[in-house]
Amino acid sequence: MIRNLVSLIVVILISSCGISKDIRDQRNLISGTWTLNDIRYENNQGMFKAVVFNDANAICFENSNWFFRDNNSTGRYTIKQGSLCEGGDRFIRWSVVSNPANYTNQLQFKYIDEKRNDISGGLGYRLNIASLTGNEMILKSNVMVDAKPVTIVYEFTKN
């Protein structure tokens, strides 16, 4: 009787520590290579110049390649070299997390080095998953510009 009770408690603890099916499904869809086709702005008017992910101007991210490996939660994005852009690979550790505040899931990532060591001091980025299919991913990030909200929209297609 006690052995059965202990076994039941262990099963409950193990299953409660796992990720939800919804998050697992989204991780599987995200896994692979993507192209960031467009960055646009919503909820505010005007011309915006944004430094994205504390890395480069938004225009540098257009047509950047992103790779997400789900079996070890690592990846990278590659920016092409240009007159306004310092090209090259940026390595990341990523995951999908639940955001109970607005009932959506978020893609989160932080920078790592080639040996998978954290180089961001634990800081990272979270983007709301607005839409995700096998071919398209739309992520959104809410920021403030001159005390007014602006939503940055990132549109990806899977390669």
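Every number here is computed from the coordinates shown, using simple stated rules; none is lab data. Given the structure is predicted, the values throughout are model-derived calculations rather than measurements. Because the Cβ atoms are built from the backbone with ideal geometry, glycine has one as well, and the counts that use them run over all protein chains shown.
Taking first residues from segment 26-40 that are within 12 Å of Leu139 (Cβ to Cβ) and partners that are among the hydroxyl-bearing types (Ser, Thr, Tyr) and surrounded by 19 or more Cβ atoms within 10 Å (Cβ to Cβ), the Cβ contacts under 8 Å between residues at least 6 apart in sequence or on separate chains come to Leu36/Ser64; Leu36/Tyr77; Leu36/Tyr154; Asp38/Tyr154; Ile39/Tyr154.
For segment 31-51, the candidate set comprises residues that are surrounded by fewer than 11 Cβ atoms within 10 Å (Cβ to Cβ) and aliphatic (A, V, I, L, M); within that set, the residue that is farthest from Thr74 (Cα to Cα) is Met47.
In this structure, is Thr133 touching an Asp or Glu at 6+ places or on another chain (Cβ under 9 Å) and among the β-branched types (Val, Ile, Thr)? Reasoning before the result, please.
On the way: touching an Asp or Glu at 6+ places or on another chain (Cβ under 9 Å): no; among the β-branched types (Val, Ile, Thr): yes.
No, not satisfied.
Within segment 52-61, is there a residue that is more than 21 Å from Trp34 (Cβ to Cβ), among the aliphatic types (A, V, I, L, M) and out of contact with any Ser or Thr (no Cβ under 9 Å at 6 or more places or on another chain)? Scanning segment 52-61, I find no residue that is more than 21 Å from Trp34 (Cβ to Cβ), among the aliphatic types (A, V, I, L, M) and out of contact with any Ser or Thr (no Cβ under 9 Å at 6 or more places or on another chain), so the answer is no. Does segment 68-79 include one or more residues that are loosely packed, with under 13 Cβ neighbours inside 10 Å, free of Cβ contacts under 8 Å to residues at least 24 places away in the same chain and basic (Lys, Arg)? There is no residue in segment 68-79 that is loosely packed, with under 13 Cβ neighbours inside 10 Å, free of Cβ contacts under 8 Å to residues at least 24 places away in the same chain and basic (Lys, Arg).
Here Pro149 clears all of (1) of a type outside the set (D, E, K, R); (2) assigned to a strand (DSSP E or B); (3) surrounded by 13 or more Cβ atoms within 10 Å (Cβ to Cβ) except the condition numbered (3).
Screening the candidates Ser120, Ser141 for the property of being in a loop (DSSP other than H, G, I, E, B), surrounded by 12 or more Cβ atoms within 10 Å (Cβ to Cβ), without any contact (Cβ under 8 Å) to a residue 24 or more places away in the chain and in contact with a strand residue (DSSP E or B) (Cβ under 6 Å, 6 or more places away or on another chain) yields one hit, Ser120.
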